[in-house]
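*Asks:* First the structure, which I've put down as structure tokens, then a few questions once you've had a look.
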Amino acid sequence: MVTEADWRAWTAEDLEPYVRIALDAFGPERLMFGSDWPVCTLAASYEQVVGALSDALAPIGAGERAAIFGGTAARFYRLPEG
């Protein structure tokens, strides 16, 4: 989403309303982290993208954040544990 925002002035707070809408619509059990890397590097580093989502997800529980950052994908793609 950072490439859709002001490339030089976006903040995690700018992205929060969109994250909240996705959470409300689908819930963490149906959301997966993703990026448009390497395109996102036009506006932010990969670390900044991950950090922005982490900031936007701060109000939800650790288990829900873990689902979004990997658990949902592992379950959906039936990846082996570990």
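The values are calculated or read from the model by the stated rules, or taken from the named source; none is laboratory data. Given the structure is predicted, the values throughout are model-derived calculations rather than measurements. All Cβ positions, glycine included, derive from the backbone under ideal geometry; neighbour counts span all protein chains shown.
*Asks:* Among the residues of the stretch 10-25, is any touching a residue at least 24 places away in the same chain (Cβ under 8 Å), touching a Phe, Trp or Tyr at 6+ places or on another chain (Cβ under 7 Å) and not aliphatic (A, V, I, L, M)?
*Replies:* Within the stretch 10-25, none of the residues are touching a residue at least 24 places away in the same chain (Cβ under 8 Å), touching a Phe, Trp or Tyr at 6+ places or on another chain (Cβ under 7 Å) and not aliphatic (A, V, I, L, M).
*Asks:* Is there a residue being among the hydrophobic types (A, V, I, L, M, F, W, C), closer than 11 Å to Phe33 by Cβ and touching a Pro at 6+ places or on another chain (Cβ under 6 Å) anywhere in the stretch 44-64?
*Replies:* no
*Asks:* Scanning the stretch 27-82 for residues that are surrounded by fewer than 16 Cβ atoms within 10 Å (Cβ to Cβ), in a helix (DSSP H, G or I) and of a type in the set (Phe, Trp, Tyr), which turns out modelled with the highest pLDDT?
*Replies:* That would be Phe76.
*Asks:* So, one more: Of the residues in the stretch 1-26, how many are among the charged types (D, E, K, R), surrounded by 11 or more Cβ atoms within 10 Å (Cβ to Cβ) and modelled with pLDDT under 90? Show your work before the answer.
*Replies:* First pass over the stretch 1-26, keeping only residues among the charged types (D, E, K, R): 4, 6, 8, 13-14, 16, 20, 24.
Okay, now just the ones that are also surrounded by 11 or more Cβ atoms within 10 Å (Cβ to Cβ), so 4, 14, 16, 20.
Still in the running and modelled with pLDDT under 90: 4.
So the answer is 1.
*Asks:* Being small (Gly, Ala, Ser) and touching a helix residue (DSSP H, G or I) at 6+ places or on another chain (Cβ under 7 Å), is that true of even one residue in the stretch 21-34?
*Replies:* Taking the stretch 21-34 as the starting set, the residues that turn out to be small (Gly, Ala, Ser) are 22, 25, 27, 34.
Then keep just the ones that are touching a helix residue (DSSP H, G or I) at 6+ places or on another chain (Cβ under 7 Å); that gives none.
Checked against the condition, which is being small (Gly, Ala, Ser) and touching a helix residue (DSSP H, G or I) at 6+ places or on another chain (Cβ under 7 Å), the stretch 21-34 yields no hits at all.
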